[in-house]
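Q: I'd like to ask you about the structure that follows.
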Amino acid sequence: MPHTRLTSRQKTSEIDSVTTTTQDDPQRSDRTRGTVVLVVLLGSLLGSLGVLATPQAAHAATFGITTSPGTLFPGLVTITGTKSSSATVEVTASPDDSCTIDPGDSDWSCELDLADGNHTITAIHTGTDATVTTLTVSIRVLGAPVITTSGLTTGTLNGTGFPGAGIEITGDVGKTCGAVLANGSWSCALGVGTGTYSLSATQTWANVRSERGGTTDPIFVRVDADPPAWPSFTAPAIGTRVTSQPTVFTGSGETDGRVDVFSDSVRVCTSPVVSGKWTCSAALANGEHTIQGIQWDAAGNPSGTSVGFTITAGAAPASATPVTPPSKPVPDRATPLDPVVPAPTAPFLPAPVGGTSGLPPLDTWEVPTDYGAAIPSATTTNSASWTVGLILGLGFALLVALPLRLLVTTYRRKRGYFPLDAETPRPLLSPRVTAALFLAAAVLLAALAGGVQAEVRYLRLAIAIGLALAALNGVAVLVAKVLGRRFGWGLGIRLAPLLLAIAAVTALVSRIAGIQPPIVVGIVLAVRFAPSVATRARGIVSLVQVSAIALLGVIAWLLQSGLGSVTGFLPSLVSETLSALTIAAFGSALVMLLPVHRMPGRLIWEWSRTAWAGVTLASATVAGVAIAGGSGFPAPWVIGGALGFAAVSVGIWAWMQFVHPQFTAEP
């Protein structure tokens with residue numbers, strides 16, 4: 001048989017394909033055969049091991065949890081993952097809940113009902129060969145809070161939730177309410193007037209608004225924000241001597257309410273008001289006592305303490321001299337007390353926004369006044385509220401600012417007009433004293449716009465408003481000074497009596513009409529330009545000044561929204577300062593943008609009408625959301641008044657432009 005010699009490439013190819021070929025050397029051929037056999041055996045063994053190992057590797061690769069770590073669930077928890085179709089998975093969140101997934105699909109899910117808080121979920125995968133694999137994932141749960149207030153309320157919503165979670169109110173009222181207390185309770189002042197509202201409450205994780213938990217179903221809450229009248233006493237009468245104890249007090253009040261009776265500022269008895277009548281009794285020590293009462297209506301509003309009257313307890317002292325009977329008979333105990341007590345507020349004025357605390361006046365330092373409580377939270381705004389704000393902004397520009405300029409321009413042509421650089425009369429007092437008096441007057445007007453009571457907490461409110469208006473005027477002056485020095489423009493600071501007069505008018509209108517939040521103008525300082533300052537420079541300074549004031553209002557609004565409801569002296573002072581700054585900044589910006597007289601708006605208008613239109617629309621839109629967006633703001637009445645003003649202004653202009661010249665024309 002002929003011998004075929006293999007090349008080295010052929011040998012390599014044959015060995016790689018595990019094919020044997022006869023060699024010249026028999027011993028070498030035997031060694032080659034042994035090596036090949038050994039390789040084949042090892043390959044078979046390794047292959048077998050690979051076959052055995054494959055199911056386990058596949059098993060380990062298919063088991064997993066697809067729920068992302070840190071996921072926040074607003075209620076029921078659903079954990080998902082993958083597994084071997086023939087394996088079982090047991091999911092536990094010890095000790096709250098667990099579930100078992102039987103063999104079947106390779107995708108699995110498990111629903112767990114867990115309490116609010118952090119949880120570690122454990123998933124145990126058991127294969128058909130009893131191989132066990134364990135995985136864990138951490139998740140968070142924050143369900144809906146509980147609203148415990150039902151039916152009637154004074155305007156405060158109470159409930160329970162997860163400690164540390166934030167509470168937000170949505171629905172007819174948007175409000176950020178701060179965090180749930182450590183004991184699981186929360187309370188939120190809605191800052192709305194009397195009426196019925198549909199409300200829902202949402203929890204946010206760690207009071208971070210972007211991490212929203214569960215939301216309650218809407219509920220209807222009836223708010224009674226009107227304090228009741230003081231209780232009426234029918235017995236004992238004024239000046240009566242009560243010879244036996246206990247002393248019986250009777251009177252009339254508001255049905256379903258409650259009356260507390262005080263003797264010398266100490267509560268001695270309490271009675272419910274049934275069918276308009278109440279009665280209670282208390283043993284009084286011998287001597288003279290001052291009697292007062294507080295009535296609480298069904299919602300929990302206090303009337304405030306009534307004016308006291310005096311009675312005497314104990315037998316009359318013995319006297320040898322006969323006592324001459326009085327010429328006027330003493331009224332019978334059943335005779336109703338004459339209504340000498342004045343009403344809590346003037347009949348044409350609504351109750352102050354903070355109501356009456358029902359506490360002694362000097363004990364109200366830490367009681368909030370609810371000044372600015374009607375300002376909607378910035379976090380609850382949506383596209384609808386911004387659309388309404390834009391409409392209100394356009395309405396301000398088209399129905400108020402432009403018609404006012406048309407009216408003033410018409411009057412200017414007819415009667416003349418003050419020049420921009422007219423000299424300001426020299427004040428009788430020093431400029432600093434006059435400025436301080438102007439600022440004090442603005443503070444007083446801003447406080448009166450919301451109403452005050454004879455309680456010390458309103459002194460704290462005055463301090464807060466003073467801080468806000470000082471910051472507002474400081475920013476306005478600082479911006480003008482910086483620009484003047486930077487560009488070498490000659491300008492100074494002057495008092496603005498016109499702005500103070502406008503502040504008085506808006507405060508009076510807000511108080512009489514019960515507008516909440518009130519319309520407040522807090523700027524009392526204005527810029528005085530040198531005659532050499534160009535129109536462009538005047539317009540730029542005015543534009544930056546008004547923009548800075550509006551921006552300050554936005555910052556205060558955001559901070560006030562983040563602060564939420566507060567209690568205590570310092571938190572209340574901060575909240576009231578931010579509220580006053582929000583209200584005064586937006587109100588001042590809108591008034592300053594009016595393009596008339598010596599207002600910054602006129603200077604911007606004469607420099608660039610496009611710039612005036614832009615800053616006016618932007619400022620009025622934000623003000624429409626932050627101020628007019630509150631439920632207590634009478635937007636329909638304001639819009640109606642603006643329409644009427646625009647119609648009158650255009651009518652006067654048309655009369656003076658087209659009709660009046662015909663009467664004054666020479667024949």
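The values are calculated or read from the model by the stated rules, or taken from the named source; none is laboratory data. What you see is a predicted model; the values in this text were computed from it and never measured. Note that each Cβ is placed from the backbone with ideal geometry, even for glycine, and that neighbours are counted across all protein chains shown. Accessible surface is based on the protein model in full, side chains and every heavy atom, while ligands, DNA and RNA are left aside. Shrake-Rupley method; radii C 1.70, N 1.55, O 1.52, S 1.80 Å.
Q: Report the dimensions of region 372-411 along its three principal axes from the alpha-carbon atoms, largest first, rounded to Å.
A: Its Cα atoms span 44, 23, 9 Å along the three principal axes.
Q: If you place +1 on the Cβ of every Lys and Arg, -1 on the Cβ of every Asp and Glu, and leave all else neutral, what size is the dipole of region 156-228 about its Cα centre, to the nearest 20 Debye? Display every interim value, and only then the final one.
A: Working: 4 positive and 6 negative charges, 32 e Å.
Approximately 160 debye in magnitude.
Q: Give a residue-ordered list of calculated ³J(HN,Hα) values for region 592-600 (Karplus: 6.51 cos²θ - 1.76 cosθ + 1.60, θ = phi - 60°; whole Hz; x for Gly, Pro).
A: Calculated HN-Hα couplings, in order: 5, 7, 4, x, 9, 6, 9, 5, x Hz.
Q: Please report, to two decimal places, log10 I(q)/I(0) for region 140-231 at q = 0.18, 0.19, 0.24, 0.26 Å⁻¹ as given by the Debye formula with identical point scatterers on the Cα atoms and no solvent.
A: -0.72, -0.79, -1.16, -1.32
Q: Report ³J(HN,Hα) in whole Hz for each residue of region 465-478, in order, from the Karplus equation J = 6.51 cos²θ - 1.76 cosθ + 1.60 where θ = phi - 60°; Gly and Pro get x.
A: Computed from phi, the couplings for region 465-478 are 5, x, 4, 5, 5, 5, 5, 5, 5, x, 5, 4, 5, 4 Hz.
Q: Based on alpha-carbon atoms only, what is the radius of gyration of region 227-269 relative to the globular estimate 2.2 N^0.38 Å? Present the calculation step by step, with values, prior to reporting the outcome.
A: On the way: Rg = 11.5 Å, N = 43, 2.2 N^0.38 = 9.2 Å.
Rg over 2.2 N^0.38 Å, computed on Cα atoms: 1.25.
Q: If the viscosity is 1.567 mPa s and the temperature 4 °C, what Stokes-Einstein diffusion coefficient in µm²/s follows for region 92-137 when Rh is the Kirkwood radius over Cα pairs? Numbers along the way, then the final one.
A: Details: Rh = 12.0 Å.
This corresponds to a translational diffusion coefficient of 108 µm²/s.
Q: Another question, if that's okay. Distance between Cα centroids, region 498-533 to region 250-306: provide it in whole Å.
A: Cα centroid of region 498-533 versus Cα centroid of region 250-306: 44 Å apart.
Q: For residue 249, what residues show an amide H to amide H distance below 5 Å, using hydrogens built from the backbone and excluding near sequence neighbours?
A: For residue 249, whose amide H was placed from the backbone, the distant partners under 5 Å are 280, 281, 282.
Q: Same structure, new question: Per residue Cα convex hull volume for region 523-667, in cubic angstrom? Let's see the in-between values first.
A: Numbers: hull volume 22.9 nm³, N = 145.
Spread over its residues, the Cα hull of region 523-667 gives 158 Å³ apiece.
Q: Quick one: compute a quarter of the convex hull surface over the Cα atoms of region 134-183 and quote it in nm². Kindly include the intermediate steps, with their values, before the conclusion.
A: Numbers: hull surface 21.3 nm².
In nm², the orientation-averaged hull projection of region 134-183 is 5.3.
Q: What percent of all Cα-Cα pairs in region 549-626 falls into each 10 Å bin, going from 0 up to the bin containing the maximum distance?
A: 20, 41, 24, 12, 3
Q: Now a separate question. Per-residue accessible area for residue 505 at 1.4 Å probe radius, Å² rounded to 10?
A: Approximately 90 Å² for this residue.
Q: Taking the Cα atoms of region 117-273, report the difference between the largest and smallest coordinate on each principal axis, in whole Å and largest first.
A: 97, 36, 24
Q: Another one. So what J values fall out for region 98-106 if you push phi through Karplus, 6.51 cos²θ - 1.76 cosθ + 1.60 with θ = phi - 60°, rounded to Hz, Gly and Pro as x?
A: Values per residue, Gly and Pro as x: 7, 7, 10, 9, 7, x, x, 5, 7 Hz.
Q: What number results when the radius of gyration of region 448-572, computed over Cα atoms, is divided by 2.2 N^0.38 Å? Walk me through the numbers on the way to the answer.
A: Details: Rg = 17.3 Å, N = 125, 2.2 N^0.38 = 13.8 Å.
Compared with the compact-globule rule of thumb, region 448-572 sits at 1.26.
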